[in-house]
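Everything below concerns the one structure shown next.
Bear in mind these aren't lab numbers, they're just calculated from the coordinates by the rules spelled out. The shown structure was predicted, so the numbers you read here are calculated from the model rather than taken from an experiment. Cβ coordinates were reconstructed from backbone atoms using ideal geometry, including for glycine residues, and neighbour counts include every protein chain displayed.
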């Protein structure tokens, strides 16, 4: 194995994007950085074409909602993987509730297409420049983003449920 | 071949060279033993249905050998698996495309009641959109249970009066689902 | 002859063809609206979400041990892999060390599940190319795997095998015997299945060179698992990031060359042989020891103990009421599922249920590549390709 490890990766990133990286951590051995959402495209481009790190694979993209974090309510979490160096990286970008916007990364990783649509569907995070940002899993008529914490899990239109039986 | 079972003859008048029985009974007998199921398999229960169709359980033994993927030629709609709200209209349309007489069997907890998925996106039982004749419990039901459900349907088919589909009660049932 | 149909010239018109969501050939509920030029597909527009069940929302409301039944219903062709993946994720979060025996037992269960998953996929490719024989033939062997699962946990398909911190019970002697019988008898039967299809002229004509995808495009679309390996890249989570003692076993990762339907089929075929090798090794070297870790605060005690033993009852109560201390943090763990890298991203806020749980469903991600693969081919090829990709609706829509 080569010398690429979390320290090297973080140093490389901090050398280039020191102002945009708000924090860095290593929960369970996976380097996690919190990034300025405006910088997501340059950072991913840098990592993908980097001659040593070569982050060639987007493993996962998902949203998250922290209603208590004022100004940083909604987040997008990227999991990247470099097959050549077998190192993973987690990038988090947080956005305010009233303007949840971030650039799409579909131009870099095609796999992000549906995952961004899913995130839009679940959390209402808008991906600027996405080729087809429509609902993917839920019906088109749905007028809210169900995975946000304020919405309940259960079907609110049910009439056959007696709350007494469920201790409510 | 000694333990070969054939269906029992319905009660009737028998003589040399003739057999007379109730027309209803004869039709019921024929229908019940040549059901063409339409598998509307959406998830896990569909895999158990595949096992039911395959060599070990072989649904063909009950006269349901011929799977009809076209609703037009199907007698029995087998709803297997979760029906999401997005899928509800599709299911209803499939039901409407079937010709009378038609029967519906809800296989599995999800199709019967929504199962463990009491969520915003899942239809809480297919009987919200179409009338159901037999419910098969289980998550997923074993092939034996699915076969049991089919035999229950066979009983219904066998004993159904010919006029049932024209009766006001049946029309009222369909009307309660908004089906003309 | 003079052409009288001047208004409509079929050679310049495209046809729209609706494939799904209930179509006998789609094996699951997906909709593809195909733009056809005669028999050739020009464009495909996909719609998914017909079986969206809001797993991730449910997971935020259920305690950890109640999420296992949900994972069953992701890729229901190989539920035990999903169960184990989830347990390992929680164990990683809690920092539990498991006895070697648990690892080996899990490996046996997971590899059996992999065989049953690939058997469905490959026999269904046979069905779609017109050979129903293989399907009826190997389903008997799937039933034998189900028998083993029943012996282990009592369920066939949605198994809910295992617990956080181990398994709920040890392999019974009958179970070990069943696994041994399976290892002994399956190769002969599987060879017969292989002979039916692998060098079958019709089958090869229908699959060789059909809808290939190269490694670069496959990575672009996030392919993992057999579909990626068919393109020639040997990425397998079992080797890259070994979990559950996979590093102890000697097995190879089969790869394809061209990434076409035949390669996908062959990679799965070879993987079944490799899985068999792994099961044999694991069973022969099954270490002695406990089938659970000594962590009473997280491992649900056996029911007998709960009824008869005060301490077990207390722990049971604590776990069920969510009084065990769960660390805050976030963890990503992935296993090699039947279709590829099945990942669990778990964010814990210290409560009894997850703050956020995201499933990386391999199907959901690689199914995006389908329109590109089928462009320019015929409809019948598109259908074989879909079954060779093994897209499972439950996993796709979660």
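Taking only the Cα atoms of segment C:132-262, the ratio Rg/Rh comes out at 1.03, with Rh defined as the Kirkwood radius.
Mind ranking C:222-232, B:63-73 by how tightly packed they are, going by the mean number of other C-beta atoms within 10 angstrom, highest first?
Working: C:222-232: 27.5, B:63-73: 15.1.
Highest mean packing first, the order is C:222-232, B:63-73.
Normalised by residue number, the volume inside the convex hull of the Cα atoms of segment B:128-180 is 83 Å³ per residue. How many nm is it between the label spots at residue A:8 and residue C:185, if each spot is 7 Å from the Cα in line with the beta carbon? For residue A:8 paired with residue C:185, the spin-label model returns 5.3 nm.
In this structure, residue C:18 and residue B:162 have a Cβ-Cβ separation that, at R0 = 41 Å, corresponds to a calculated FRET efficiency of about 0.65. Measuring nothing but how far apart in sequence close Cα pairs (under 8 Å, 6+ apart) lie, relative to its length, chain A scores a relative contact order of 17 percent. Peptide A:48-60 shows a mean partner chain C-beta count of 3 within 10 Å per residue C-beta. Here r is the Cβ-Cβ distance between residue C:172 and residue B:16 and R0 is 51 Å; the resulting FRET efficiency, rounded to 0.05, is 0.25.
Taking the three principal axes of the alpha carbon atoms in segment A:14-53, the coordinate ranges are 26, 23, 16 Å, sorted in descending order. Peptide A:112-118 has a mean of 5 when you count, residue by residue, the C-beta atoms of other protein chains within 10 Å of its C-beta. The distance from the alpha carbon centre of segment C:79-110 to that of segment C:260-324 is 6 Å, rounded to a whole number.
Computed from Cα atoms, the angle from the helix C:100-128 axis to the main principal axis of chain C rounds to 20 degrees. GNM remark for chain C: springs join alpha carbons under 10 Å apart, and the peak mean-square fluctuation among C:106, C:163, C:356 falls on C:356. Name the residue, out of A:73, A:118, A:99, whose mean-square fluctuation peaks in a Gaussian network model built on chain A with Cα pairs under 10 Å. Among A:73, A:118, A:99, the largest GNM mean-square fluctuation belongs to A:99.
Summarise the partner chain shielding of C:132-138 as one whole number: the mean count of Cβ atoms from other chains within 10 Å of each residue's Cβ. Walk me through the intermediate numbers first.
Working: counts 0, 0, 0, 4, 5, 2, 2.
Taking all residues of C:132-138 together, the mean is 2.
Where q = 0.23 Å⁻¹, what log10 of I(q)/I(0) comes from the Debye formula for segment C:249-334, counting one point per Cα? The calculated log intensity ratios at q = 0.23 Å⁻¹ are -1.06.
The alpha carbon centroids of segment A:74-136 and segment C:180-244 are separated by 30 Å.
Over all directions, how big on average is the projection of the convex hull of the alpha-carbon atoms in segment C:55-395, in square nanometres? Don't skip to the answer; put the middle values down first.
Details: hull surface 66.2 nm².
Here the figure is 16.5 nm², rounded to one decimal.
Rg and Dmax of chain B, based on Cα coordinates, read 17.5, 65 Å. Binning the alpha carbon pair distances of segment A:6-154 at 5 angstrom intervals from zero yields the distribution 2, 9, 19, 22, 19, 14, 8, 4, 2, 0, expressed in whole percent.
Add -39500 (n - 2.57) for each DSSP H run of 4 or more in chain A, then divide by its residues: what number comes out at 222 nm, to the nearest 500 deg cm²/dmol?
Details: 3 runs with 34 residues, N = 168.
Computed ellipticity for chain A at 222 nm equals -6000 deg cm²/dmol.
The distance from the alpha carbon centre of segment A:16-73 to that of segment B:33-80 is 49 Å, rounded to a whole number. With the largest listed first and rounded to whole Å, the semi-axes of the equivalent ellipsoid of segment C:231-382 from the Cα gyration tensor are 40, 23, 13. Can you give the % of DSSP beta bridges in segment A:6-154 that are antiparallel, to the nearest 5? Antiparallel: roughly 70 percent of the beta bridges in segment A:6-154. When the inverse distances between all different Cα atoms of the protein assembly as shown are averaged and flipped, the Kirkwood radius reads 27.6 angstrom.
If R0 is 22 Å, what FRET efficiency do you get for residue B:170 and residue A:141 from their C-beta distance, rounded to 0.05?
The pair residue B:170/residue A:141 has a calculated efficiency of 0.10.
If the viscosity is 1.567 mPa s and the temperature 4 °C, what translational diffusion coefficient in µm²/s does Stokes-Einstein give for segment C:1-143 when Rh comes from Kirkwood over Cα pairs? Diffusion coefficient, whole number: 66 µm²/s.
Per DSSP helix of 4 or more residues, -39500 (n - 2.57); summed, then divided by the residues of chain B. What does that give at 222 nm, rounded to the nearest 500? -10000 deg cm²/dmol, from helical runs alone. Rounded to the nearest 10 degrees, the inclination of helix C:79-94 to the longest alpha-carbon principal axis of chain C is 50 degrees.
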